[in-house]
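Colleague: The structure's right below; bear with me while I get my questions together.
Just so you know, all these numbers are worked out from the coordinates, no wet-lab data involved. All figures in this text were calculated on a predicted structure; none of them were measured in a lab. All Cβ positions, glycine included, derive from the backbone under ideal geometry; neighbour counts span all protein chains shown.
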Amino acid sequence: MTKIKEKQMIQIGEVVKMLDISKMTLRRLMKSGEINFYKVGQSYRFSINELNEFINRNRNKVIKNV
């Protein structure tokens, strides 16, 4: 059996802390497709790698509330 060395998926609360944004802004980014997510049951999961890619793509951009 393969051991997972580090956490690869995180939940909404961890994402808003990581990106220092509100839940409302995160939901807008999810709805617009700017942030990828996976729905597991009734909760959402986010890939840390994909979030890092989002950060790198938007490093010099200002995220506007839509």
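Colleague: Once you charge only the Cβ atoms, +1 for Lys and Arg and -1 for Asp and Glu, what is the size of the charge dipole of segment 9-57 about its Cα centre, to the nearest 20 debye? List each step's numbers first, then the result.
Modeller: Working: 8 positive and 5 negative charges, 50 e Å.
The calculation lands at about 240 debye.
Colleague: Could you give each residue of segment 47-53 its phi-based ³J(HN,Hα) in whole Hz, using Karplus coefficients 6.51, -1.76, 1.60 with θ = phi - 60°, and x for Gly or Pro?
Modeller: 6, 4, 4, 5, 5, 5, 5
Colleague: Decide, for segment 9-57, between rounded, prolate and oblate: order the square roots of the alpha carbon gyration tensor eigenvalues as a ≥ b ≥ c, take rounded if a/c falls under 1.5, and otherwise choose prolate if a/b is larger than b/c, else oblate.
Modeller: Details: a/c = 1.31, a/b = 1.20, b/c = 1.10.
Rounded.
Colleague: Check Ile35: other-chain or 5+ apart residues with amide H under 5 Å from its amide H, H built from backbone geometry?
Modeller: Under 5 Å from the amide H of Ile35 lie the amide H atoms of Met30, each far enough along the sequence or on another chain.
Colleague: List Phe37, Phe46 from most exposed to least, where exposure is judged by having the fewest other Cβ atoms within 10 Å. Before the final figure, lay out each step's value.
Modeller: Numbers: Phe37 19, Phe46 23.
Ordered from fewest to most neighbouring Cβ atoms within 10 Å, Phe37, Phe46 come out as Phe37, Phe46.
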